[in-house]
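Undergrad: Got a structure for you, written out below as structure tokens; questions coming shortly.
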Amino acid sequence: MWFSVLNVKFCGVDFKNPVLVASGTFGFGVEYDGIIDITRLGGLITKGLTLNKKEGNEGVRIHEVRGGMLNSIGLQNPGIDEFIEKHLQRMKEFKVPIIVNLGGSSIEDYVKGAEILDKTEIDMIELNISCPNVKEGGMNFGIKSSIAKEVVNRVREVTKKPIMVKLSPNAEDIVDMAVKCVEAGADAISLVNTFKGMAVDIYKRKPVFNNIFAGYSGPAIKPIALRMVYEVSKAVDVPVCGLGGIVDYKDAIEFIMAGAYLIQIGTANFINPRASIEIIEGIEKFMIEQNIKSLDEIRGII
Amino acid sequence: MEYKEVLVYSNVKVQDDIYVLSLEIEDDVRAGQFYMLKAWEEEPILARPISVHSSENGIVKFAYQVKGRGTKILSSLKAEDKVYVLGPVGNGLYTEKFKGKIALISGGIGIAPMLQIAKGLEGEVDLYAGFNKSPYLIDEFKKYCKNIHIASERDTAYYRGFITEIFNPFEYNIVICCGPEPMMKRVVDMCKIYATPVYVLMENKMACGVGACLGCTCNTKEGKKRVCVDGPVFKGTDVVFSA
Ligand SMILES: Cc1cc2nc3c(=O)[nH]c(=O)nc-3n(C[C@H](O)[C@H](O)[C@H](O)COP(=O)(O)OP(=O)(O)OC[C@H]3O[C@@H](n4cnc5c(N)ncnc54)[C@H](O)[C@@H]3O)c2cc1C
Ligand SMILES: Cc1cc2nc3c(=O)[nH]c(=O)nc-3n(C[C@H](O)[C@H](O)[C@H](O)COP(=O)(O)O)c2cc1C
Ligand code: FES
């Protein structure tokens with residue numbers, strides 16, 4: 001059966017195909033139940049979770065622009081305990097690997113969150129370091145590699161779950177960032193999160209978003225995301241999970257050829273709820289047409 | 001809720017920038033629900049939320065106003081064209097439960113969802129519709145409403161001013177309102193005085209339309225709620241209106 005050609009082993013976890021859905025674009029999975037067959041996905045990544053419940057940002061939260069969208073959700077989430085109590089079991093029923101995207105506003109938050117998650121049945125932690133660090137005046141943990149390294153180090157100490165660190169493309173030096181995170185104990189790297197952007201309401205003469213800045217995602221960011229995945233894949237010896245602007249199977253294969261073991265679909269879920277399924281089918285068809293027996297043959301080929 | 005490709009049955013210009021799009025959709029639809037519509041491939045990227053105006057015999061009608069890129073494309077659709085639809089979305093209203101005298105209050109294109117609501121109500125229904133300029137979509141309501149009150153800020157043939165000036169919540173058992181937020185807030189405040197139950201149809205920018213992105217939340221007494229799946233219908237007294 002040609003299904004097996006899509007298998008990927010990543011940090012010891014078996015993925016039946018390399019197509020995951022990105023954090024914050026797929027809720028806890030159940031939201032898309034019945035709209036697509038979730039059991040066919042490579043894996044599910046939760047909305048970013050924090051130790052305590054968060055209400056998220058006031059004002060405009062999403063704004064469409066050419067080539068993509070800006071979002072300023074502000075990590076609204078029910079908190080880790082409520083996630084475990086109310087959502088995790090339902091998510092497990094889809095019988096695909098479950099990755100929890102973990103955020104925090106202090107290092108202690110990350111550590112406590114990881115300690116709790118360590119005792120659950122989740123398959124992996126995706127450490128979201130693109131969060132404002134309250135102690136550092138709100139500067140993102142993912143900008144300076146010295147700060148990111150400390151977060152990864154501390155989380156590494158409290159969990160045996162595989163840790164995939166999700167990098168911000170706004171990092172001072174994305175390659176250095178990846179290297180430092182691996183040194184600190186990351187089992188894998190995913191990239192990229194959203195790009196810092198903004199929009200102005202010209203009639204109100206004000207920024208569209210209360211926080212002025214918002215995260216830019218969607219097709220327009222793909223060439224930059226792809227370049228970053230390529231550079232990071234070459235620089236680290238842990239597997240890389242690539243994302244940013246992937247809309248169709250061709251985009252996905254580009255990321256794989258640039259070195260990605262797994263890929264994630266984000267904004268494309270909004271453009272076409274069936275995007276992830278069509279991408280799985282597209283990769284499969286491409287492999288048959290091109291007589292590719294395993295993704296190993298094309299991964300990192302450039 | 002389902003994502004599928006459907007065909008345009010017709011797309012009719014009603015007046016200036018107001019259109020009625022009929023799509024071949026067989027779904028079981030509740031009044032107050034909406035669909036995410038997309039009639040393009042690359043740009044814009046997001047689908048547009050549009051309420052069900054009416055639904056019967058395998059045709060769902062949408063009444064919409066051309067605002068920007070998306071609705072402009074919708075206005076150019078012709079019979080047999082393809083449209084991607086996700087829906088029906090939202091809680092909607094269980095109209096069959098409502099009894100007594102009911103007031104429907106709309107502002108501008110907020111009249112769109114009111115037709116399907118009026119059709120489902122068994123009690124005595126009055127429509128209060130406010131417009132900027134000339135009224136639209138009124139004729140269809142005559143079958144389902146006892147009295148129709150129209151206000152316009154510019155068309156002198158009607159009450160000159162805001163619709164809220166000619167509506168008295170005291171006369172009604174239930175009020176249902178859809179329009180700009182300041183208007184809905186005003187109606188809710190008026191209804192509070194007489195403790196008249198009031199429902200509002202909220203609006204917000206949407207990306208997913210399924211409750212996953214948390215982009216469309218509004219503030220309520222119980223915290224943030226998603227307009228797409230927890231709404232769009234809310235008890236007026238639960239909503240914490242901005243400004
Ligand atoms: C639940 C719901 C039901 C709706 N029902 C109707 C209806 O029956 N008839 C109708 O004419 N309009 C309705 N609207 C408003 C309609 O969705 C917007 O007017 C439309 O999305 C504007 O898109 P555009 O591309 O023409 O404008 P643009 O300004 O180019 O849109 C840019 C972005 O902003 C969003 N947006 C802009 N204005 C609004 C708005 N007022 N509400 C929500 N999103 C907005 C768009 O979806 C898009 O993502 C409804 C909105 C919601 C949330
Ligand atoms: C509405 C929205 C919410 C998001 N929430 C999160 C989140 O909670 N945690 C996170 O790590 N990334 C979050 N992201 C970023 C995405 O997971 C992804 O990294 C980014 O959108 C780039 O990929 P894309 O272009 O395919 O969307 C969010 C993105 C969007 C659009
Ligand atoms: S539009 Fe995504 S949660 Fe409502």
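Undergrad: Based on the Cβ-Cβ distance from residue A:291 to residue B:168, what FRET efficiency comes out when R0 is 60 Å, to the nearest 0.05?
TA: So, using R0 = 60 Å, E works out to roughly 0.20.
Undergrad: Starting at the first residue of the stretch B:106-119, write each ³J(HN,Hα) from the Karplus equation 6.51 cos²θ - 1.76 cosθ + 1.60 with θ = phi - 60°, in whole Hz, x for Gly and Pro.
TA: Each residue of the stretch B:106-119 in turn: 10, x, x, 5, x, 6, 3, x, 5, 5, 5, 5, 4, 4 Hz.
Undergrad: While we're here: Work out, step by step, the length gained on full extension between residue B:160 and residue B:189: first 0.36 nm times the residue separation, then minus their alpha carbon distance; give nm to one decimal.
TA: Additional length available on full extension: 8.3 nm.
Undergrad: Give the long-range amide H neighbours of residue A:24: residues separated by 5 or more places, or on another chain, with amide H under 5 Å away, using H modelled in the peptide plane at 1.01 Å from N.
TA: A:47, A:48
Undergrad: Now a separate question. Using just the C-alpha positions of the stretch B:4-89 as equal point scatterers, what log10 of I(q)/I(0) does the Debye formula give at each q in 0.10, 0.16 1/Å?
TA: Computed log10 I(q)/I(0) values: -0.20, -0.53.
Undergrad: Using amide H atoms built in the peptide plane, which far-off residues or other-chain residues are under 5 Å from residue B:101 H to H?
TA: Those lying under 5 Å, H to H, from residue B:101 are B:124, B:173, B:174.
Undergrad: Ok, one more. Can you check how the C-alpha radius of gyration of chain B compares to 2.2 N^0.38 Å, as a plain ratio?
TA: On the way: Rg = 17.2 Å, N = 243, 2.2 N^0.38 = 17.7 Å.
So chain B has a normalised radius of gyration of 0.97.
Undergrad: Another question, then. Can you tell me the FRET efficiency between residue A:7 and residue A:175 if r is taken as the Cβ-Cβ distance and R0 is 25 Å, rounded to the nearest 0.05?
TA: About 0.30, to the nearest 0.05.
Undergrad: Taking the Cα centre of the stretch B:4-89 as origin, work out the dipole magnitude from +1 charges on Lys and Arg Cβ and -1 charges on Asp and Glu Cβ, in debye rounded to 20.
TA: Dipole of the stretch B:4-89, to the nearest 20 debye: 300 debye.
Undergrad: Select from chain A the helices, each a whole stretch of DSSP H, whose alpha-carbon atoms run 18 Å or more along the helix axis and whose Kyte-Doolittle mean is at least -0.5; answer none if there are none.
TA: A:145-158, A:222-235, A:275-289
Undergrad: I'd like the distance separating the alpha-carbon centroids of the stretch A:272-294 and the stretch A:54-84, in whole Å.
TA: Result: 30 Å between the Cα centres.
Undergrad: Residue by residue, what Karplus-based ³J(HN,Hα) values in Hz, rounded to whole numbers, does the stretch B:225-237 have, using 6.51, -1.76 and 1.60 with θ = phi - 60° and x for Gly and Pro?
TA: Residue by residue, the stretch B:225-237 yields 10, 7, 4, 5, 10, 7, x, x, 8, 10, 5, x, 6 Hz.
Undergrad: Setting aside same-chain residues fewer than 8 positions from residue B:101, which lysines have a Cα under 26 Å from its Cα?
TA: B:119, B:142, B:143, B:146, B:185, B:192, B:235
Undergrad: What Kirkwood hydrodynamic radius, in Å, does chain A give when the mean of 1/r is taken over all pairs of distinct Cα atoms and then inverted? Can you show the working numbers first?
TA: Working: mean 1/r = 0.0522 Å⁻¹.
For chain A, the Kirkwood estimate is 19.1 Å.
Undergrad: Have a look at A:130, A:71, A:111 and report the one farthest towards the positive end of the charge dipole of the stretch A:40-132, computed about the Cα centre with Cβ charges (Lys/Arg +1, Asp/Glu -1).
TA: A:71
Undergrad: Subtract the Cα-Cα distance of residue A:224 and residue A:153 from 0.36 nm times their separation in residues, and report this length gain in nm to one decimal.
TA: Stretched fully, the residue A:224-residue A:153 segment lengthens by 22.8 nm.
Undergrad: For the stretch A:156-225 and the stretch A:34-48, what is the centre-to-centre distance using only Cα atoms, to the nearest Å?
TA: 22 Å
Undergrad: Now, a different point. Using a basic spin-label model with each label point 7 Å from the Cα along Cα→Cβ, how many nm lie between residue A:66 and residue A:81?
TA: 4.9 nm
Undergrad: Here's a follow-up. Compute the helix-to-body angle for B:181-194: its Cα long axis versus the longest principal axis of chain B, expressed 0 to 90° and rounded to tens.
TA: Helix B:181-194 and the main axis of chain B meet at about 40 degrees.
Undergrad: Next up: Residue B:199's amide H: which non-local residues (gap 5+, or another chain) put their own amide H closer than 5 Å, with H modeled 1.01 Å from N in plane and none for Pro or chain starts?
TA: Here the answer is B:175, B:176, B:177, B:236, since their amide H atoms fall under 5 Å of that of residue B:199.
Undergrad: At 1.002 mPa s and 20 °C, plugging the Kirkwood radius over alpha-carbon pairs of the stretch A:4-103 into Stokes-Einstein gives what diffusion coefficient in µm²/s?
TA: Answer, rounded: 145 µm²/s.
Undergrad: At 1.306 mPa s and 10 °C, plugging the Kirkwood radius over alpha-carbon pairs of the protein assembly as shown into Stokes-Einstein gives what diffusion coefficient in µm²/s?
TA: 64 µm²/s
Undergrad: Another question, if that's okay. Do any of A:9/A:180; B:13/B:99; A:16/A:54; A:92/B:225; A:16/A:285 go past 27 Å between their Cα atoms, and which? All intermediate terms of the calculation are to be shown ahead of the outcome.
TA: Working: A:9/A:180 24 Å; B:13/B:99 35 Å; A:16/A:54 33 Å; A:92/B:225 25 Å; A:16/A:285 16 Å.
In this structure, B:13/B:99; A:16/A:54 lie more than 27 Å apart at Cα.
Undergrad: Give the A-B buried accessible area in Å², both sides summed, 1.4 Å probe, nearest 100. Show your work: numbers first, answer last.
TA: Numbers: alone 13470 and 11730 Å², together 22900 Å².
Approximately 2300 Å², summed over both chains.
Undergrad: What are the semi-axes of the equivalent ellipsoid of the stretch A:244-299, taken as the square roots of 5 times the eigenvalues of the Cα gyration tensor, listed largest first and rounded to whole Å?
TA: 20, 13, 7
Undergrad: Related question: Give the calculated FRET efficiency between residue B:40 and residue A:95 to the nearest 0.05, with a Förster radius of 35 Å applied to their Cβ-Cβ distance.
TA: 0.50
Undergrad: Sticking with this one: So what is log10(I(q)/I(0)) for the stretch A:67-206 at q = 0.11 1/Å, when the Debye sum runs over its Cα atoms only?
TA: After summing over all Cα pairs, the log10 values are -0.43.
Undergrad: Express the Stokes-Einstein translational diffusion coefficient of the stretch A:155-223 in µm² s⁻¹, to the nearest whole number, given a Kirkwood radius over alpha-carbon pairs, 20 °C and a viscosity of 1.002 mPa s.
TA: The estimated diffusion coefficient comes to 149 µm²/s.
Undergrad: Once you keep just the Cα pairs under 8 angstrom separated by 6 or more residues, what percentage relative contact order results for the stretch A:53-131?
TA: Details: 79 pairs, mean separation 20.1, N = 79.
Dividing the mean separation by the residue count of the stretch A:53-131 yields 25 percent.
Undergrad: While we're looking at this one, here's another question. With the alpha-carbon atoms as the only input, what is the per residue convex hull volume for the stretch B:95-238 in Å³?
TA: Considering the Cα atoms of the stretch B:95-238, their hull volume per residue is 113 Å³.
Undergrad: Between residue B:94 and residue B:4, what is the spin-label point distance in nm, taking each point 7 Å from the Cα along the Cα→C-beta axis?
TA: The answer from the label model is 2.6 nm.
The values are calculated or read from the model by the stated rules, or taken from the named source; none is laboratory data. This structure is a prediction, so every number in the text was calculated from the model and none was measured. When we count neighbours, we look across all protein chains shown, and the Cβ atoms used for this are built from the backbone with ideal geometry, even at glycine. With ligands, DNA and RNA removed, areas are computed over all heavy atoms of the protein, side chains included. Shrake-Rupley method; radii C 1.70, N 1.55, O 1.52, S 1.80 Å.
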